[in-house]
Every structure is written in structure tokens, then in C-alpha cells.
Amino acid sequence: MKPAILITITSTVVLGTMIVLFSSHWFMIWVGFEMNMLAIIPILMKKYNPRAMEASTKYFLTQATASMLLMLSIIINLLCSGHWTVSTIPNPVASTMITIALTMKLGLSPFHFWVPEVTQGISLSSGMILLTWQKIAPLSILYQISPSVNSNLLLMMAITSMLVGGWGGLNQTQLRKILAYSSITHMGWMAAIMVYNPTLAILNLTIYIMMTLGTFMLFMHSSSTTTLSLSYTWNKFPLMAPLILMLMLSLGGLPPLSGFIPKWMIIQELTKNDMIIMPTLMAITALLNLYFYTRLTYTTALTMFPATNNMKMKWQFETTKKTTLLAPLIVTSTMLLPLTPMLAALD
Amino acid sequence: MALVHRLLNGAYIFRHCPKPSASCPFLGTRFAYYCSSSLQKPEAAPGKTSCQRNSEGDLQGHHQREVALDITSPEEKPEVSFDKAIKDEIKDHFRRLKDDIVNHWIGPEGRPLHEVLLEQAKVVWQFRGKEDLDKWVVTSDKTIGGRSEVFLKMGKNNQSALLYGTLSSEAPKDGESGCSGYCAMISRIPRGPFERKRAYDWSQFNTLYLRVRGDGRPWMVNIREDTDIIQRKNQMYSYFMFTRGGPYWQEVKIPFSKFFFSNQGRIRDAQYQLLLDKISSIGFTLADKVDGPFFLEIDFIGVFTDPAHTEEFAYENSPELNPRLFK
């Protein structure tokens with residue numbers, strides 16, 4: 001893509017999200033969502049092949065449907081409340097429809113079917129943007145309307161997302177699909193705590209974005225899209241193997257890595273709100289995710305799969321790929337747990 | 001001879017046996033005696049054919065046991081029960097769903113992950129019985145009014161499949177078709193429980209392996225990807241397969257990097273790599289414009305990893321022909 005076009009499209013994506021974040025007018029929020037969706041389509045189709053076109057079409061159809069639903073709910077809210085301002089939504093129909101529209105954009109169950117298909121059909125860099133940047137706008141709106149959201153609906157969606165994300169990722173060998181199901185599960189965790197402590201959802205989102213960005217960057221560095229290609233890492237880039245190990249376990253929420261912070265805080269917050277069964281279920285379903293993260297770790301870092309050469313390490317040429325942000329992302333994704341007492345200010 | 005006599009009189013217990021038909025010319029009057037006597041037994045359950053399983057080594061077996069010979073009584077009409085058929089179909093789907101869930105727990109494709117990752121060769125289709133033929137569909141230009149004929153049957157000793165027929169390039173006289181003459185054999189799309197579409201994941205292999213025996217004609221191997229979008233049903237990736245003819249089997253190895261992209265039967269200027277994670281079906285097409293009979297015998301179709309083959313895609317796109325790809 002020509003640099004001028006790339007800059008225009010990227011800035012439109014960023015601008016769309018910023019408009020959503022900073023607007024208090026429902027119509028402008030909808031405009032921001034539309035700008036963001038239309039601008040991300042060429043980024044998804046960066047690798048111009050039939051699979052990418054199919055993935056972009058599926059993404060467009062689901063997001064357009066969610067936008068239509070959002071617009072309808074905005075109009076219903078306008079009819080009931082008489083204003084366009086983003087505040088508590090008095091009408092339960094409008095708040096339910098807005099919740100459904102936003103969860104459709106996020107890829108929460110039962111509107112999750114597009115996430116693995118779209119992520120699998122696009123390149124790693126496009127998938128990175130899809131699973132990180134594209135989550136910011138819908139979650140920010142959920143954050144703003146969290147007092148008036150139907151809590152039962154959101155909690156049901158959260159728990160089913162965790163189950164679907166854990167179960168669906170179990171026997172995947174394609175890395176992009178694994179990260180897609182990981183995204184569904186993490187969105188479930190965020191949705192679960194949104195009703196009780198929205199700030200924790202934002203914390204979860206921040207840490208999730210850091211971990212996912214780091215993981216995608218590592219995969220892009222080694223051009224790995226399948227578990228098998230990742231299992232040759234010991235032969236190609238030996239340093240990457242422990243980094244993948246730490247990132248995967250952090251995604252799984254194991255202490256003493258950063259991924260444990262949101263899980264710990266969320267379970268603590270839910271138990272403070274007299275919920276026992278829900279956090280127990282959430283902790284158990286997290287084991288499903290941990291299983292396939294650990295399996296990736298096993299094939300990458302803990303075993304040496306037979307490689308195509310007889311050498312200890314492949315001859316390494318100087319890499320031309322930029323790894324500017326990789327080091328700080330890995331540090332923040334794995335070593336932030338000691339800072340957790342500072343987060344007590346969130347209470 | 002004595003052994004045959006022993007087998008005929010001792011090993012087979014039967015129930016509803018008609019008069020001996022042309023399918024059992026070796027049986028004598030003794031068989032007929034047993035047949036007629038079994039018809040008189042009141043306990044025989046109606047509606048069951050006489051051909052089915054063999055109860056071994058039981059001379060004095062109960063009259064309700066079934067015969068090994070493939071004979072259907074003409075006096076009994078098979079019961080067609082719509083409700084039973086639906087119930088059986090539903091039970092079958094739920095059983096497949098249960099197997100699906102259990103296999104999902106075990107690993108990809110129902111096998112442990114390390115087994116899938118370490119696999120370097122895999123037979124995807126082989127022809128050892130009639131049920132293997134059910135996974136394939138044969139088609140020819142007869143569907144558009146042409147005169148080609150194609151058939152598929154099991155080969156000798158049930159060790160291969162034989163695709164044979166007659167190719168005719170005579171165009172159908174419908175006023176709009178200018179050319180004709182093709183025959184094809186296409187694999188059915190794999191289906192899961194409740195007819196959910198499935199796809200093959202061949203991403204860890206890089207070469208297609210075919211063991212065939214042809215008649216010297218050039219065939220086209222076509223691979224289709226799984227798609228949910230309607231227009232993509234016309235897209236496929238193809239490569240040539242030249243058969244040698246002659247009595248010896250031929251092992252054809254086609255790297256997946258060699259497959260070129262075509263849409264609606266036309267090779268496109270913009271070429272894309274065949275992505276192997278969602279393969280829907282494979283097919284063989286004959287359209288060499290040579291009228292006459294043809295045959296192709298297929299032993300098995302498999303995929304394997306050739307470590308010496310490192311090419312990712314054999315074709316490159318031209319900026320002059322496709323400037324859109326280089327924007």
C-alpha cells in the first residue's frame with residue numbers, strides 16, 4: 001500500500017475511535033463507529049487474496065448489522081429520553097439493544113462466530129489491529145453506559161463467552177484462531193466485571209492489549225501462523241521460545257505474570273459483591289484457556305520438535321524486521337504484578 | 001468339495017429363505033428343503049430379509065437367525081417407515097455430535113496434538129470398499145446437454161477405484177453452448193453433525209500425492225477452498241496431471257505451491273497462493289477435447305511434507321496486468 005494511502009486509512013481508523021471515545025452525542029458515536037469500520041476494511045484486505053476478501057466481507061456484514069442495531073437503539077432512546085446525550089438509558093429495550101450491538105462489535109458470545117473466521121483470513125498485522133485497537137471503542141461505550149446495562153444479559157454473555165472461548169480454542173492448530181478464541185474469553189472477563197467495577201474492565205483491557213500485541217509481534221517476527229511453525233522456533237530463534245512461554249502463561253493468567261492481575265482483581269471484586277458461583281465458574285473456565293496456552297508453550301519451548309535440518313540452530317541472517325516495541329511490551333506483559341498494590345486506588 | 005458341502009450344510013442357519021434363486025446355483029435340494037421348512041415356522045418375524053449376518057458354527061441355531069446369503073424374500077416387502085427413518089437420522093446426528101465433542105476434547109481431528117504435529121504423510125482418500133465411493137460425485141457435460149458419460153466403480157479386488165466413461169466434445173444443441181466435453185470426479189464436502197460443513201486442514205503438508213493409473217490422457221486436479229460466500233464457489237486452484245498409460249502405477253506428486261487460481265473456469269491474471277487450512281474438496285477433470293473412451297484408476301490420494309520443497313508460490317503477479325495488487 002502506498003504510504004500516503006496507508007497514513008490516510010490509519011489516521012481514519014484512529015480518528016474514528018477517538019471520536020467514539022470523546023463524544024457525548026450518540027450520533028457522533030455512531031459516526032465514529034462507521035468511520036472506524038470502513039477504514040479498517042482496506043487494512044484487513046492488505047493481503048489481496050480471496051480469503052482476505054471473504055474475511056473482510058464477513059467483518060463488514062457483522063459490524064454493519066451491529067451499527068444498524070445501535071442506530072435503532074439510539075433512536076428509541078431519543079424517543080424515550082428526548083436527548084442525544086450519552087448518559088443512563090431509561091428505556092430497557094434501548095439499553096438491551098445497545099448492549100447487544102456493542103457485544104456484537106466486541107465478538108462476545110453468542111455473536112462470536114465472526115471472530116475466528118475473520119482473524120484466520122487476514123494477515124498477522126491486520127489481526128493484531130482487529131483484536132486490540134478495535135476493542136477500545138465498544139468497551140468505552142459499555143463503560144459509559146454500564147449503570148444502565150442489563151446486568152443479567154451481560155453476565156450470561158460473559159460466562160458463555162468464556163466457555164466458548166475456552167472450548168473453541170482447545171484443538172486449534174492455527175495461531176490466529178487461538179488468539180481469536182483468547183480474545184473472546186478476555187472480552188468475557190471484561191463484560192463480567194463491567195457491571196460491578198467498570199474501571200477493572202479497563203485495566204483488563206489494557207493488560208490484554210499489551211499481552212496480545214506482544215504475542216502478535218513475536219509471531220510476526222518469526223512469520224509463524226501454525227503451531228507447527230512455532231514449534232521450529234528453537235531452531236530458528238532460540239531467544240523467542242522463553243518469551244513465547246512467558247507471554248502464553250501470562251495470557252493464561254498465571255502468577256507471577258501480569259496476566260494474573262486482572263483475573264485476581266476481577267474475582268476479588270465479584271466475591272466482594274456476594275457472588276460465589278460466578279467467579280468459581282470463571283476460574284474453572286480459565287483452565288480451558290490455560291490448557292491450550294500451555295500446549296503451545298509445550299510445543300514451542302519445552303520440547304524440541306524434529307526440524308528440517310540437522311543443526312542446532314539455523315544460520316541467522318540479520319533481521320530486517322523492526323522490533324522497536326517488542327521489548328517494552330514483553331516487560332509490561334510479564335512483570336507488572338508487583339505493582340498491583342498500587343491498583344488498590346481503584347477500589 | 002467335501003468342505004464346500006460341509007459349509008453349505010453346517011455353517012449357515014437361515015430363516016426366511018425363498019426358493020433358490022439364480023444367485024445360489026451351488027445349493028442343492030437340501031438347501032431348498034431347509035428353505036421351505038423355515039417358511040412354515042410360525043415364530044419367524046415378518047419384514048426381515050434373509051440375508052445378513054452369519055452365525056458361525058451353530059448347526060442347530062434358532063430359526064430366527066439370519067442367513068449369510070444375500071437373498072431377499074419376494075413375499076416380504078421391506079417396511080418403509082417415515083417416522084423410523086427420521087428418528088434414525090436424528091439419532092445418527094446426535095451420535096455424531098457426541099463423537100465430535102469427544103474428539104474435540106482429545107485434540108485436532110480427534111487425535112492427540114503431538115500426533116497431528118508430527119505427522120508427515122496422510123492418506124486422505126482411499127478406495128477399499130463401496131462406502132469409499134460414496135464420498136465422491138461424478139459429473140459430466142450431460143448436465144448441460146452434452147453426450148459425455150462417466151461412471152465410477154470399484155476396481156479389481158476392491159483395491160482401487162475406476163473412473164471410466166466416454167468423452168464427447170459435441171456441443172449441446174441448445175443455441176447457446178459453443179463447446180462441450182468434460183467429465184469430472186469431485187469429492188463430497190465433508191459434513192459433521194447436522195450437516196455442518198467441515199474442511200480439511202492440510203497446512204502442515206506441502207505436496208499432494210496421488211497413486212493413479214491412467215490411459216495417457218491429461219487430467220486437471222482441482223482443489224476448492226471452504227467458503228461461505230456464494231461467489232467463491234466458482235473459484236478453484238488447479239494443476240495438470242499427465243497420466244502415462246500402460247500397466248504400471250504412477251505416483252504423482254504435485255506441490256501445493258504449483259496450483260494456480262482460476263475463477264469460473266478461466267485462469268486469472270491475478271494469482272493467489274492456495275491456502276491449505278480450509279480445503280473443501282478435490283476433483284479430477286478430463287477436458288482434453290479428444291473424443292472417445294477414457295479411464296483413470298485411483299489407488300489413494302494423500303498429502304505429505306516434502307522437506308526439500310521450500311517454494312511458497314510458483315507464480316508472481318505483474319504490476320502491468322494487476323496494478324491494483326501493487327497499490
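The values are calculated or read from the model by the stated rules, or taken from the named source; none is laboratory data. Source: prediction; values computed, not measured. Virtual Cβ from ideal backbone geometry, glycine too; neighbours counted across all protein chains shown.
At-a-glance table
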{"quantity": "Selection count where residues are at pLDDT below 85 and not in a loop (DSSP other than H, G, I, E, B), scope the stretch A:287-344", "calculated": "4"}
{"quantity": "Those residues of the stretch B:259-287 which are farther than 15 Å from B:Met185 by Cα and of a type outside the set (A, V, I, L, M, F, W, C), in sequence order", "calculated": "B:Ser262, B:Asn263, B:Gln264, B:Gly265, B:Arg266, B:Arg268, B:Asp269, B:Gln271, B:Tyr272, B:Gln273, B:Asp277, B:Lys278"}
{"quantity": "Candidates A:Ser224, A:Ser183, filtered to the one that is within 14 Å of chain B (Cβ to nearest Cβ) and either touching a residue at least 60 places away in the same chain (Cβ under 8 Å) or under 22 Å from B:Glu109 (Cβ atoms) (or both)", "calculated": "A:Ser224"}
{"quantity": "Residue within the stretch A:76-83 that is within 24 Å of the chain's Cα centre (by Cα), assigned to a helix (DSSP H, G or I) and buried (at least 19 other Cβ atoms within 10 Å of the Cβ) present", "calculated": "no"}
{"quantity": "Residues within the stretch B:212-248 that are in a loop (DSSP other than H, G, I, E, B) and more than 20 Å from the chain's Cα centre (by Cα), tallied", "calculated": "12"}
{"quantity": "Residue satisfying all of: in the stretch B:260-289; among the aromatic types (Phe, Trp, Tyr) and facing chain A (nearest Cβ under 10 Å); surrounded by the fewest Cβ atoms within 10 Å (Cβ to Cβ) among these", "calculated": "B:Phe261"}
{"quantity": "Residues of the stretch A:187-207 classified as without any contact (Cβ under 8 Å) to a residue 60 or more places away in the chain and either in a helix (DSSP H, G or I) or touching a Phe, Trp or Tyr at 6+ places or on another chain (Cβ under 6 Å) (or both), total", "calculated": "4"}
{"quantity": "Subset tally (residues that are surrounded by fewer than 20 Cβ atoms within 10 Å (Cβ to Cβ), at pLDDT 90 or above and either of a type in the set (A, V, I, L, M) or in contact with a His (Cβ under 9 Å, 6 or more places away or on another chain) (or both)) for the stretch B:172-193", "calculated": "2"}
{"quantity": "Residue check for A:Thr99: among the β-branched types (Val, Ile, Thr), surrounded by fewer than 20 Cβ atoms within 10 Å (Cβ to Cβ) and within 22 Å of A:Leu154 (Cβ to Cβ)", "calculated": "no"}
{"quantity": "Near pairs, Cβ below 7 angstrom, 6+ apart or cross-chain, from the stretch B:92-119 (touching a residue at least 60 places away in the same chain (Cβ under 8 Å)) to any residue that is surrounded by 13 or more Cβ atoms within 10 Å (Cβ to Cβ) and of a type in the set (A, V, I, L, M)", "calculated": "B:Pro108/B:Val116; B:Glu109/B:Val116; B:Leu117/A:Leu228"}
{"quantity": "Output for the stretch A:90-123, where each listed residue is among the hydrophobic types (A, V, I, L, M, F, W, C), in a helix (DSSP H, G or I) and within 14 Å of chain B (Cβ to nearest Cβ)", "calculated": "A:Trp114, A:Val118"}
{"quantity": "Failed item, numbered, when A:Lys46 is tested on (1) buried (at least 20 other Cβ atoms within 10 Å of the Cβ); (2) in contact (Cβ under 8 Å) with a residue 24 or more places away in the chain", "calculated": "(1)"}
{"quantity": "Test: residue in the stretch A:2-9 that is surrounded by 20 or more Cβ atoms within 10 Å (Cβ to Cβ), within 14 Å of chain B (Cβ to nearest Cβ) and among the charged types (D, E, K, R)", "calculated": "no"}
{"quantity": "The lone exception for B:Glu115 - which of (1) surrounded by 15 or more Cβ atoms within 10 Å (Cβ to Cβ); (2) within 14 Å of another protein chain (Cβ to nearest Cβ); (3) acidic (Asp, Glu) it fails", "calculated": "(1)"}
{"quantity": "Set B:Val150, B:Val123, B:Val137: member being surrounded by fewer than 16 Cβ atoms within 10 Å (Cβ to Cβ), more than 11 Å from the chain's Cα centre (by Cα) and at negative phi", "calculated": "B:Val123"}
{"quantity": "Failed criterion for A:Ala286 (all others in (1) hydrophobic (A, V, I, L, M, F, W, C); (2) away from chain B (no Cβ under 14 Å); (3) more than 22 Å from A:Leu339 (Cα to Cα); (4) free of Cβ contacts under 8 Å to residues at least 60 places away in the same chain hold)", "calculated": "(4)"}
{"quantity": "Near pairs, Cβ below 6 angstrom, 6+ apart or cross-chain, from the stretch B:139-153 (of a type in the set (Phe, Trp, Tyr)) to any residue that is assigned to a strand (DSSP E or B)", "calculated": "B:Phe151/B:Tyr164; B:Phe151/B:Gly165"}
{"quantity": "The stretch B:143-178, residues that are part of a strand (DSSP E or B) and not polar (S, T, N, Q)", "calculated": "B:Glu149, B:Val150, B:Phe151, B:Leu152, B:Lys153, B:Met154, B:Ala161, B:Leu162, B:Leu163, B:Tyr164, B:Gly165, B:Leu167"}
